[in-house]
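Dropping a structure here in C-alpha cells format, bear with me for questions.
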Amino acid sequence: MGIAAGGKRGIVPDPNIVPLIDILLVLLVIFMLIPHSQGLQARIPQTCGAPGSETCSGGDKAHIVVVQVLADGSLCVNQEPVQWDNLDARLQEVFKVRADRTAFIWGDASVEFAVVARVIDITAGIAPTGLLTQKPGNDF
C-alpha cells in the first residue's frame, strides 16, 4: 500500500492491488482446470434384504439365469439339465423373452477352470456374463 504525501488534498492512500490480482488469477486458473466430476452409470449388485433392494423371493430368483457346471462336467441352466451341444441354443431361447440379458456362471469347486472357461466362451456371444461364487452353507 502506497501513500502519497503532500499536495492540496493531503495524504491520499494508494492501495496496491497487484497481490489481489495475483490471488484472483490463481483461483481462476484452479477453477478452470478442475474438471466437473460426473458419476458413472453402474448397476451395483444388491444382497437379499438390503435396504432399498427387493427381497429375494422365489419370483425374483426366476429372473436370474444361472449356468451351473457340476462336478461331473454336466451343465444345468436354472437347474434344468442341458447338453453341451444345446447350451448355445438354450440360452438364446431363454434370452429371447427376457429384458435382462445377463447370464451368471457357477462352477463346482472340483471343476477345472478350463471347463468353466468353455462355458464363458459360449455365453460371451449371447449375453453379458458374470461369475458366481458360493458362500459356505449356500447351494444353488
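Just so you know, all these numbers are worked out from the coordinates, no wet-lab data involved. Computed from a prediction, not measured in an experiment: that's the story for all the values here. Glycine gets a Cβ as well: all are built from the backbone with ideal geometry, and neighbour counts include every protein chain shown.
Under 5 Å between amide hydrogens, which residues at least 5 positions from Gly130 or on another chain qualify, with H placed 1.01 Å from N in the peptide plane?
Result for Gly130 returns Ala103, Phe104, Ile105.
So how far apart, in nm, are the two label points at Lys96 and Thr133 if each is 7 Å from Cα heading toward Cβ?
About 3.7 nm separates the two model spin labels.
Suppose the chain between Trp84 and Ala114 were pulled fully straight at 0.36 nm per residue; how much longer would it get relative to their current alpha carbon spacing?
Net length gain for the segment: 9.4 nm.
Still on this structure, I have one more. What translational diffusion coefficient, in µm²/s and rounded to a whole number, does the Stokes-Einstein relation yield for the range 59-131 at 37 °C and a viscosity of 0.692 mPa s, taking the hydrodynamic radius as the Kirkwood radius over Cα pairs?
Taking Rh from Cα pairs, D becomes 269 µm²/s.
When ranked by the protection proxy of mean other Cβ atoms within 10 Å per residue, highest first, what sequence do the peptides 64-70, 107-113, 9-15 form?
Result, highest mean first: 64-70, 107-113, 9-15.
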